[in-house]
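The values are calculated or read from the model by the stated rules, or taken from the named source; none is laboratory data. Here the structure is a predicted model, which means the values were calculated and not measured. Glycine gets a Cβ as well: all are built from the backbone with ideal geometry, and neighbour counts include every protein chain shown. Only protein heavy atoms, including side chains, enter the accessible area calculation; ligands, DNA and RNA are left aside. Shrake-Rupley method; radii C 1.70, N 1.55, O 1.52, S 1.80 Å.
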Amino acid sequence: MNALIVLAHPEVKSYNAALARATQDGLQRQGHEVHLSDLYAQAFAPDEHGRHFPRRANPLRFDAQSEQRFSAGRNALPHEVRKELDALLWADLLVLQFPLWWFGMPAILKGWMDRVFVYGKLYSSRRRFHSGVCAGKRAMLSVTAGSSSDACAPDGKEGDTRLILWPIHYALHYVGFTVLEPLIVTDVRGGRSGSDAERQKLLLELRLREQGTIFESIDGRPAIAFNDPDDWDELGKLKPDAPVHSPFIGHERWSRTGA
Ligand SMILES: Cc1cc2nc3c(=O)[nH]c(=O)nc-3n(C[C@H](O)[C@H](O)[C@H](O)COP(=O)(O)O)c2cc1C
């Protein structure tokens, strides 16, 4: 299998960079082909903007999706986007490695999605979800959080980290990926001292060693459930008897009282 790891971290000596390398090693040990795309190392510009498109469908008013489709159809996508898109289309497995920054992904990775998930190439109104271009491929998030495992739990004060990742998972599902359960490493932060710091260091080292092993047996990892095409009515609303897989799409409107 071919695997693409996209790393979004500014520091090569970071825990995130070490996790990305451990993922690469684990996959390579199984004989897989791996490409690591380090977004900061290549100074990937995260802002989708008209200046990236020398040939424009409409030079007077920039519309991102129209220009993406126009350039894709003329083999004129920006070089750095073409390179990432080719790697994405080559890969059977996509791993996004990033630290949780403000309850989401770092801007450079969000920008990678904005620019590389090219309209007309990776998705269109007819090619999305189960009939998406990436159908048959798998994707997975590998995330670190500074907060504790208690604070990141469903009843924790940082909010349920797995739930916080839902919009990213849904974007991957939108372009057709089968999305595997994420890896979330909590307590990745400095500022501790004494035996507390020593214990945390050992735990993170242990977790780092596990990363490669996890990817050696990636085939057994469960996928996240999303609704099937038959679960929607003609308005795109969930049918009354359709199953609910997340609090983001359900049968009842969320209310302040929770009633
Ligand atoms: C801009 C910024 C925002 C952050 N936001 C969060 C957050 O929302 N939740 C959290 O648990 N940690 C947050 N952190 C802590 C990072 O997640 C933590 O430093 C990182 O996971 C550690 O990995 P690293 O050593 O590879 O950088 C934030 C850190 C930065 C720099």
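General remarks:
- Test for residue 41: is it within 17 Å of residue 108 (Cβ to Cβ) and open to solvent by 50 Å² or more (accessible area, probe 1.4 Å): yes
- Residue 120 being near the ligand (Cβ under 10 Å from one of its atoms) and either within 24 Å of residue 1 (Cβ to Cβ) or small (Gly, Ala, Ser) (or both): no
- For the range 46-73, a residue qualifies if it is in a helix (DSSP H, G or I) and open to solvent by 60 Å² or more (accessible area, probe 1.4 Å), and the qualifying residues are 51, 65, 69, 73.
- Consider the range 135-159 and keep the residues that are more than 12 Å from the ligand (Cβ to nearest atom) and under 16 Å from residue 224 (Cα atoms). The one that is most open to solvent (accessible area, probe 1.4 Å) is 136.
- Hits in the range 167-181 - residues which are part of a helix (DSSP H, G or I) and open to solvent by 40 Å² or more (accessible area, probe 1.4 Å): 167, 170, 174
For every residue, the table says whether it meets (1) without any contact (Cβ under 8 Å) to a residue 40 or more places away in the chain; (2) over 30 Å from residue 25 (Cα atoms); (3) over 22 Å from the mean Cα position of the chain (by Cα).
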| residue | (1), (2), (3) |
| --- | --- |
| 216 | no, no, no |
| 221 | no, no, no |
| 225 | yes, no, no |
| 232 | yes, yes, yes |
| 242 | yes, yes, yes |
| 246 | no, yes, no |
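- Residue 184 being part of a strand (DSSP E or B), among the β-branched types (Val, Ile, Thr), open to solvent by less than 70 Å² (accessible area, probe 1.4 Å) and closer than 26 Å to residue 114 by Cα: yes
- For the range 11-37, taking the residues that are open to solvent by 30 Å² or more (accessible area, probe 1.4 Å) and under 16 Å from residue 96 (Cβ atoms), the one that is farthest from the ligand (Cβ to nearest atom) is identified as 35.
- Restricting the range 86-130 to residues that are free of Cβ contacts under 8 Å to residues at least 60 places away in the same chain and outside any loop (DSSP other than H, G, I, E, B) leaves a set whose member that is most open to solvent (accessible area, probe 1.4 Å) is 101.
- Here residue 210 meets each of (1) closer than 24 Å to residue 101 by Cα; (2) outside any helix (DSSP H, G or I); (3) charged (D, E, K, R) with one exception, condition (2).
- Residue that is assigned to a helix (DSSP H, G or I), surrounded by fewer than 14 Cβ atoms within 10 Å (Cβ to Cβ) and within 16 Å of the ligand (Cβ to nearest atom), where the choices are 205, 198: 205
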